[in-house]
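To keep things clear, I will list the structure first and then write my remarks on it.
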Amino acid sequence: MLRTHGLRVDPPNRSAIGTLLVLAAACALLLPVSPLSAQDFDLEAPDDVETPRAEPTAPSARNPLEEAREHMERGQALYGAGRFIESAEEFLRAYEAQPFSAFLFNAGVAYEKVDDPGRAADYFSRFLQTDPQAENAGKLNARIDRLRGLSRAREAELAAEGAAQGASGANAASTLAELEAARSRLAEVQQQLAALGGKDSFKSLLSVQTTPTDASVLVKGANGDVVYRGSGPKFTQTLDPGAYVVEVQHPKYTSISAPITVAPAVVNVVLAEMSQGQFLGFLRVQTDAPGANVYVDERAAGALGRTPFQNPVKVGKHHLWIEKPGYQVVERDIDIGVGEDPLVKLELERVDYGRIRVVASHPEAVVYVDGKRIGRVPIETDVKHGKHRVVVSAEGMKNWKEEVTVERGQATPLRVRLRPKMGRKGAWATAAVAAGFLGAAIATGVVGKGLHDDLDKDVSAGTLQSNDSRRKKGEYFYIASDVGYVIAGGMAALSTWYFVRDPLPDSEGRVLQPRDWAFNSSLAHPRVRLDNSLARPRARFDADVAPDRVGGHLQVSF
Amino acid sequence: MRKLRTHVLASLAVCSLASSTVGCSWKAFDEFEESAPIRVHEQPEKFTLPNYGKVMVTYSATIADKKVSRIVASAGGPSSIAFARAWDGSHVSESAPLLYCSSTTECQTERDFGAALIPFEVWNPGDLGERRGCVFVPGNSTKPESGSDPRLGGRGIVLCETHESPQDFTLGQALVEARGEGANLVYSGFGLPTGHELGALIFGAYSLDNKSLARKNGEFYLQGQARDGTAPPAVPVLLVDPATQKPFSEAADAGDLGFQVVGAFDRAGALVIAVSQPSHQRVLVAVFDGELPGDPVDKIRLRACIEAPDADSPGFGERLLIGDVTGDGDPELFIGNDPASGPQQGTQALFMFPGSGLPLTDATETCPPWNAAADAVKCHDADGVSCKGSAFGASLALGDVNADGKGDLIVGAPFATVGGGQQAGAVWVIPGSATGLEPERSTALTVTSSAMARYGFQVAALHTNDRDEPVASAPGINELFVSMCTPLEAGFGGADLCL
C-alpha cells in the first residue's frame, strides 16, 4: 500500500491519475514565478506551512462490518451493565449496519432479559425468518411460544386486575376469581419458560473473507462435522458460541484451516489469504492523537498506515512501532489469533523537544537561536522545549528579536518581515568631516602651542619684542583651533544624531500558534532545510494506489 | 542606545584630550603683550616720513598726581612729532601715539621743526594753568617775527600735558627764541630739573654756512618764563672767557659753540652746565648757583675747559652727556665724537670725566683743565656683537638700569653688525660703580638683524619705578625699542638681562 497524506482523491479509474499528472505539470510550467518581496510578505497570511492532518474518520466511510462489530460489542457491554433496553437497541443498530440474524437473536435475548416477552418473541421470530436453518430452531420456536403465552397471560392478568378494581357487589367475586386464574396461568407459563433455559446465551457472528474471493468455506464443529458451508467473497454465519474449525478451500491453492473459539455476542472476522497459505487477523490501533504511523515487524518497510489504524495482518506474534512526529515512539508486542481483531489503544507522550520554523521576507536572512547561527531562511530546527531567543538578521536590515516559547513535540512557526536599516552613510560622512575638523583643530592648536612656547622662550631670554608677529599668528592659530573644535563638536553632535535617528519602522514578526509537525527528525540533525517554496513555485504529486482505491496528492506551493 | 552612549563618550574624551593637550584658549597670547621684554613703538600710522626715531628724547613728570614717563620722537626736521605714553606709573606699554603736527604741510612751515626735542618739567603759560611734562620743539623760520630781535631767526613750540587732560598735547605756546641769521639753526639744550615753579630752558644754537656748511655763530641761551605766564625772549648766556673777559660767543670764531648743551646739579646744589664747541675740540664747563629765573645769567661762570685728550680729535664734543655714575653726587661728564658721520667716522673717542674733577673755583684762564684724568670709555665686544665699525658712541644716555643707585651709561652703536645684518645696530649698557664705569660688565642689546635698521641711532633712559629702562631708536625700520630690564611684574625674568 502506498503512503498517502493530504487530501485523498478517489478517482473512479486509472485515467484520472494521468489527468492529474498532466494538470500538475501544466501548473508548474504556466504559473508565474513570484519572487518573494517584503510587499508580498504578509505577516497576517494564514499559515501555509504543511502540517499533517489526522485521517478523517467519517462514519459513512467505515466498514459496515466493523460498524456492526462495534454495535455488537457495545450491546454486550450494556447487557453486562444491566442496561438491557439499550443493549437491545445496539444489537438492532448492528443489524442495520449488517443484516445478520445474530443481531436479531441477541436483541431478543436482551428484551427477554428486560422482561418484555412480546418484543423478545418478535425478534426471535424474525431471527428464524432470517435464518430458518439456524441450529436449535425447534427449541427456539418453543421458546417463542412460551414468550407469547407469557405476554398474553400478563395482558390477561392486567385486564383482570383492572376489572377487579372496578367491580362491585356480585361482580367483584367473579372478577377476583378471574384474576386468580390469570395469575395462576401466568406463573405456569413462567415456569415453562424457565424450564427452557438459555436465557442469556447470545449468538455470535463469524465472517470469513477470502482472497481469492471464490474460495469455499467450511465451518466444522467440535466433532469435525461440517456445520456450515459457504463461499466468498464474504462468508458470514450466525453461530452459537463454541469451538469450531474453519477451513478454506480453493482448487488453485492448498487448503488452509484453523481452529477458532467463538465467544458469545462477538463478531469474528477471519481473513484467509490463500496465496500466503494463512489466515490473517485484523489489527486495530488507536491513539489519543490520531495520525500516528504504525509500523509492523519491520520499520524499514515503512508504515502500514496511520491511526486510527485497522489493517489485516498475519495471525501470530508481531512487534509494533507507533510513531507520530512530535511524540515519543511506542513499541508493543502483540499476538493475533485467527479471527481476532485486537485493539491497541495508546496515549502518546510528546517528545521533550520542539521545533522552530522560520520564514522571512528577505531571502538572505539568517536565523540565530540563543546566539548560535542556524542558517538561512526558510529553515526549521529542533530545540529543547522552553524559551529561546530567536534573532533573524540580514545585511542592511534591522534585526528582529523575540523570545519564543517552544512546546514539546510541536513546531512554532515564525513569520518575520525585515525592514531596512536606516542608511548611515550620511552619518559616517558627517563623522568624517567632524574628524577632519578635529584633526585640523588639533593641528592648528599644536602649531599655536609651538608659537606660544617659542614666545615663552624668547621672554625668558629677554628678546621677545612686543610687536612680534608670532603673537598675532599664534592667536589666529588658537582661534582657528577653537573654531575647529566648535565645528568638530557640532559635526560630531550632528553625526551622533544621524547615527541614532531612525525614522524607519522596525522589523516585525509573528509567532504563530504551535502545531504538530509532519516530519520527524532527531536532535542530532536538528536543521532541516525546507523546500524554498517561498521563493519559487513547486509542484509535487504523490500517487496513492491501493486495491480498493486509486488516487493521488497534488501539492503546489509558492 | 548603547551606540549613542558610546558615541557621545568618545567625542567628549577626544575633545577633552585634544583641548588639554594643545590648549584652546587664544587668550593665552595676551600675556605676551605685557611680558614681552622689549616694547616696540612702531611708527604711527600718520607718520609719513621715514627715519622715525632719528630724534628721540624721554622725560618724566607728575601728571594728575601720577608719575609718568614719555617718549617723544621725530624723524628729524622737518617732521611730525609723536609722543608715546611709555610708562603710566604702573606698567610700560605700547602706546597709542599722540601726535602733534601730523600734517607735514603744517610742520613744513617751520624749517627744521622737529630737528631737536628738549624736554623739561614745568611750564605755566598764564591763564592756561600749570603744565607739566613739556617738550620744547624749536624750529627755524626764514623770517623773524616782526618786532623781535632781528638776530632771532627761530621759533619753537612748547608742548605740555596738563593735570586736567593728561596726554593732551594739542595746546602749545609759541616761543620766539634764539637769534641768528634765521636759517639752519640747530638746537640742543636741556630743561631745568624739577623744583622750579616755572620752566626754563638752556639751549644752544648755531648756524650753518650755506656754502661751506661750516658751523658758526654758536651761542647758547636761557629761555625763561615770566611769572605772568609770558615767555620773554631767550637771553643769550654770556659765558665769559676769563682771559679776554669777553663772551666766548662773541669771539671771532665762535664756531659751533653750544653744539651740545647739557646740565645737572652737583652735590652742592649748583647747576653744572657743559657746553660743547666741537669746532674747537673742547667743552666749556660752567656753574650757576643762582635762581632761575630771576638771577641774572651772568652768574653762569666758567669753571673748566675740557679739551680732547688726544691731540687730534675731530668732533670732540659732538656728543655730550652729564650725569652721576659713581653715586657721589657730582655728575660725570661724557664727551665724545659722532662716530657715525664726519671725518671721524669709525673712530671711537668717548671719554668719561669724573665729576670730582670739577674745579671748585671759577676759572681764571681761558681753558682751565679738568682736575681728574679722563677715562676712555672703550667698547667691549659682548653678547656676540663686535664693536668694530659699530659707531659706538653715536648716541649717549644715562640711567640707573640696574637700580643700584649709580648711573649706567647707555651707548648707541647704530652701525653694529648683528646676525649678519650690516648696520643693524646695537646698544651697549655699561654699568656704573663707585669707581666709575665697568665696561667689562657691558651688555650689548640687539633687537633686529635687519640691515640698515641702525638700532641705537638715538638712545635715552625711560624712568619707571626705581629704575631706568634703556630706550633706543632704529630709524632704519622706523621703530623705537624699550628694553625691559626691570622686573615690573612678579616672575618676569628680565632682571639680570641687561646687567
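The values are calculated or read from the model by the stated rules, or taken from the named source; none is laboratory data. What you see is a predicted model, and the numbers here were worked out from it, not measured in a lab. Don't worry about glycine lacking a Cβ; one is built from the backbone with ideal geometry, like all the others, and counts go over all protein chains shown.
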- State yes or no: is A:A156 farther than 14 Å from A:G118 by Cα, hydrophobic (A, V, I, L, M, F, W, C) and surrounded by 15 or more Cβ atoms within 10 Å (Cβ to Cβ)? no
- Subset tally (residues that are in contact (Cβ under 8 Å) with a residue 60 or more places away in the chain, outside any strand (DSSP E or B) and over 19 Å from B:L360 (Cα atoms)) for region B:299-338: 2
- Which members of region A:201-221 meet the condition of being farther than 29 Å from A:L140 by Cα and buried (at least 18 other Cβ atoms within 10 Å of the Cβ)? A:Q209, A:T210, A:T211, A:A215
- Message: Can you find a residue that is exposed (fewer than 15 other Cβ atoms within 10 Å of the Cβ), modelled with pLDDT of 90 or more and in a helix (DSSP H, G or I) anywhere in region A:396-404?
- Response: no
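Report those strands (runs of 3 or more DSSP E) wholly inside region B:1-82 carrying at least 1 residues which are modelled with pLDDT under 80 and surrounded by 21 or more Cβ atoms within 10 Å (Cβ to Cβ). Before you say what the answer is, go through the steps one by one.
Working: elements: B:38-42, B:55-63, B:66-74.
So the answer is B:55-63.
Consider B:S450 carefully, then state whether it is part of a loop (DSSP other than H, G, I, E, B), away from chain A (no Cβ under 14 Å) and of a type in the set (S, T, Y). It would help to see each step written out before you state the result.
Details: part of a loop (DSSP other than H, G, I, E, B): yes; away from chain A (no Cβ under 14 Å): no; of a type in the set (S, T, Y): yes.
No, not satisfied.
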- Within region A:307-350, which residues are acidic (D, E), farther than 26 Å from A:V245 by Cβ and outside any strand (DSSP E or B)? A:E347, A:E349
- Query: Condition test on A:E161, is it over 60 Å from the mean Cα position of the chain (by Cα), surrounded by 13 or more Cβ atoms within 10 Å (Cβ to Cβ), assigned to a helix (DSSP H, G or I) and touching a residue at least 12 places away in the same chain (Cβ under 8 Å)?
  - Reply: yes
- Query: Do we find that A:T463 is facing another protein chain (nearest Cβ under 8 Å), buried (at least 17 other Cβ atoms within 10 Å of the Cβ) and over 30 Å from A:E402 (Cα atoms) in this structure?
  - Reply: yes
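A:M422: more than 7 Å from every other protein chain (Cβ to nearest Cβ) and outside any helix (DSSP H, G or I), yes or no?
On the way: more than 7 Å from every other protein chain (Cβ to nearest Cβ): yes; outside any helix (DSSP H, G or I): yes.
Considered against the rule, which asks whether it is more than 7 Å from every other protein chain (Cβ to nearest Cβ) and outside any helix (DSSP H, G or I), A:M422 comes out as yes.
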- Message: Suppose we filter region A:283-306 for residues that are touching a residue at least 60 places away in the same chain (Cβ under 8 Å) and either assigned to a strand (DSSP E or B) or out of contact with any Pro (no Cβ under 8 Å at 6 or more places or on another chain) (or both); how many remain?
- Response: 12
- Message: Among the residues that make up region A:404-420, is at least one of them in contact with a Pro (Cβ under 7 Å, 6 or more places away or on another chain) and over 20 Å from A:V366 (Cβ atoms)?
- Response: yes
- Single residue of region A:481-516 satisfying the filter (among the small types (G, A, S), outside any strand (DSSP E or B) and more than 9 Å from chain B (Cβ to nearest Cβ)) that is surrounded by the most Cβ atoms within 10 Å (Cβ to Cβ): A:S507
- Message: For the list (1) of a type in the set (A, V, I, L, M); (2) assigned to a strand (DSSP E or B); (3) touching a residue at least 24 places away in the same chain (Cβ under 8 Å), I need the number of the one condition that A:A265 fails.
- Response: (2)
- Task: Please list, ordered by first then second residue, the pairs with beta carbon atoms under 9 Å, 6 or more apart or interchain, first in region B:27-42 and more than 7 Å from every other protein chain (Cβ to nearest Cβ) and closer than 17 Å to A:D453 by Cβ, second assigned to a helix (DSSP H, G or I) and hydroxyl-bearing (S, T, Y).
- Result: B:K27/A:Y478
- Would you be able to say whether some residue in region A:199-216 is at pLDDT 90 or above and either assigned to a helix (DSSP H, G or I) or out of contact with any Gly (no Cβ under 7 Å at 6 or more places or on another chain) (or both)? yes
- Message: Suppose we filter A:K449, A:K457, A:K472 for residues that are in contact with a Gly (Cβ under 7 Å, 6 or more places away or on another chain), in a helix (DSSP H, G or I), surrounded by fewer than 21 Cβ atoms within 10 Å (Cβ to Cβ) and of a type outside the set (V, I, T); which single one remains?
- Response: A:K449
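Among the residues in region B:421-434, are any touching a helix residue (DSSP H, G or I) at 6+ places or on another chain (Cβ under 7 Å) and either of a type in the set (S, T, N, Q) or not in a helix (DSSP H, G or I) (or both)?
At the first step, the residues of region B:421-434 found to be touching a helix residue (DSSP H, G or I) at 6+ places or on another chain (Cβ under 7 Å) are B:430-431.
With the extra rule that they be either of a type in the set (S, T, N, Q) or not in a helix (DSSP H, G or I) (or both), the set shrinks to B:430-431.
Checked against the condition, which is being touching a helix residue (DSSP H, G or I) at 6+ places or on another chain (Cβ under 7 Å) and either of a type in the set (S, T, N, Q) or not in a helix (DSSP H, G or I) (or both), region B:421-434 yields at least one hit.
Is it fair to say A:T444 is assigned to a loop (DSSP other than H, G, I, E, B), facing chain B (nearest Cβ under 9 Å) and either on the phi < 0 side of the Ramachandran plot or under 60 Å from the mean Cα position of the chain (by Cα) (or both)? Reasoning before the result, please.
Numbers: assigned to a loop (DSSP other than H, G, I, E, B): no; facing chain B (nearest Cβ under 9 Å): yes; either on the phi < 0 side of the Ramachandran plot or under 60 Å from the mean Cα position of the chain (by Cα) (or both): yes.
In short, no.
Determine, yes or no, whether A:T261 is out of contact with any Gly (no Cβ under 6 Å at 6 or more places or on another chain), under 27 Å from A:R74 (Cα atoms) and modelled with pLDDT under 90. Show your work before the answer.
Details: out of contact with any Gly (no Cβ under 6 Å at 6 or more places or on another chain): yes; under 27 Å from A:R74 (Cα atoms): yes; modelled with pLDDT under 90: yes.
Answer is yes for this residue.
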